[in-house]
1. Considering only residues of the range 109-118 that are touching a strand residue (DSSP E or B) at 6+ places or on another chain (Cβ under 7 Å) and more than 7 Å from the ligand (Cβ to nearest atom), which is farthest from residue 138 (Cα to Cα)?
2. Go through the range 47-67 and report how many residues are assigned to a helix (DSSP H, G or I) and either within 23 Å of the chain's Cα centre (by Cα) or within 16 Å of the ligand (Cβ to nearest atom) (or both).
3. Can you work out which of the residues in the range 105-118 that are in contact with a helix residue (DSSP H, G or I) (Cβ under 6 Å, 6 or more places away or on another chain) and in a loop (DSSP other than H, G, I, E, B) is surrounded by the fewest Cβ atoms within 10 Å (Cβ to Cβ)?
4. Looking at 30, 76, which one is more than 14 Å from the ligand (Cβ to nearest atom), at pLDDT 95 or above and over 19 Å from the mean Cα position of the chain (by Cα)?
5. Of all residues in the range 210-263, count the ones that are assigned to a helix (DSSP H, G or I), in contact with a helix residue (DSSP H, G or I) (Cβ under 6 Å, 6 or more places away or on another chain), away from the ligand (no atom under 16 Å from the Cβ) and within 23 Å of residue 14 (Cβ to Cβ).
6. Sort out which residues of the range 119-136 are within 14 Å of the ligand (Cβ to nearest atom) and assigned to a strand (DSSP E or B), and write them in order of number.
7. Could you check, for the range 90-100, whether at least one of its residues is in contact with a strand residue (DSSP E or B) (Cβ under 6 Å, 6 or more places away or on another chain), closer than 26 Å to residue 242 by Cβ and buried (at least 18 other Cβ atoms within 10 Å of the Cβ)?
8. Given (1) in contact with a strand residue (DSSP E or B) (Cβ under 7 Å, 6 or more places away or on another chain); (2) closer than 22 Å to residue 190 by Cα; (3) buried (at least 17 other Cβ atoms within 10 Å of the Cβ), where does residue 61 come up short, assuming only one miss?
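The values are calculated or read from the model by the stated rules, or taken from the named source; none is laboratory data. Source: prediction; values computed, not measured. Every residue, glycine as well, gets a Cβ built from its backbone with ideal geometry; the counts of neighbours run over all protein chains shown.
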Ligand code: M6R
């Protein structure tokens with residue numbers, strides 16, 4: 001059932017070219033201009049007129065929500081708030097009938113997310129769900145929704161569900177942006193063409209497995225890790241750190257790279273591996289300075305860069321080269337090496353990768 005893989009998590013990481021493709025199949029055909037999601041069709045006008053979109057989720061799904069915040073604000077120019085479901089529901093949030101709430105959940109059974117939905121519903125908001133499990137409680141509690149087609153995710157650490165969520169959210173952001181006229185036709189075209197190339201590029205990222213194993217062997221005994229990223233790669237830094245914590249029990253923190261100087265920089269010494277996502281995008285030059293700051297304090301730099309980059313590699317201890325893509329789609333690629341890194345470190349430390357201690361696949365308690 002693990003299809004020849006040692007763990008479900010590894011199998012699921014390697015399934016991503018397929019699960020991303022399945023999550024866009026029928027919803028987008030780049031060269032025919034086809035961009036449509038049945039779940040959203042009836043609600044397109046409502047989305048286009050929304051004054052605000054609130055995203056509620058937990059854990060990895062919350063990270064996908066952060067990526068969506070950047071995408072929706074960028075393409076559709078609608079203000080987005082991303083909330084931990086557990087915080088949202090207990091703080092008397094301001095919700096009106098004009099709001100759209102997007103709930104993201106792989107399992108569709110997360111108690112906090114479900115409760116946040118019920119609260120938003122009671123205030124008259126429209127609830128849109130993004131779930132992976134068909135017929136799950138959250139899928140049933142929402143007014144409308146779109147499924148991620150990742151297939152069953154067994155490993156407790158979420159991998160293919162995350163990239164499927166980001167894929168679906170990208171399509172939604174494009175659909176709303178198109179409807180509102182805030183996403184230029186040529187830019188939309190380019191994005192669609194680029195999105196279609198993502199599964200093949202994920203495949204290329206997966207080929208880095210052996211190289212990542214070498215890096216894992218080098219740092220498997222570290223007691224702390226820092227993950228840094230900016231812009232679209234900031235949620236990826238959080239996700240990379242969460243993956244490592246969950247399955248290897250190494251303390252890890254994800255930070256927006258520029259925030260490092262406001263505190264976490266004090267942690268950096270020669271013992272500290274710092275994973276920096278430094279792909280070629282609008283914040284690249286800034287990230288270069290952040291890497292210099294880490295180097296100056298003797299931190300060990302493991303950098304995820306765009307193929308062909310020469311600046312960061314001259315400063316890093318280890319370099320992981322991933323294919324080029326639009327910065328809007330980069331999380332779908334940059335998260336892959338981080339998933340593999342945490343997986344290999346956990347295996348080398350003898351951890352139970354698929355069922356880490358203290359964790360369950362779906363958190364059905366508050
Ligand atoms: O099923 P959900 O997406 O609602 O689950 C949310 C979180 O519990 C989940 O993402 C958790 O953080 C994972 N174990 C992360 O790998």
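1. 116
2. 10
3. The selected residue is 109.
4. Within the list 30, 76, the selection yields 76.
5. Of the residues in the range 210-263, 4 are assigned to a helix (DSSP H, G or I), in contact with a helix residue (DSSP H, G or I) (Cβ under 6 Å, 6 or more places away or on another chain), away from the ligand (no atom under 16 Å from the Cβ) and within 23 Å of residue 14 (Cβ to Cβ).
6. Matches in the range 119-136: 129, 130, 131.
7. No: the range 90-100 contains no residue that is in contact with a strand residue (DSSP E or B) (Cβ under 6 Å, 6 or more places away or on another chain), closer than 26 Å to residue 242 by Cβ and buried (at least 18 other Cβ atoms within 10 Å of the Cβ).
8. (2) is the only condition that residue 61 fails.
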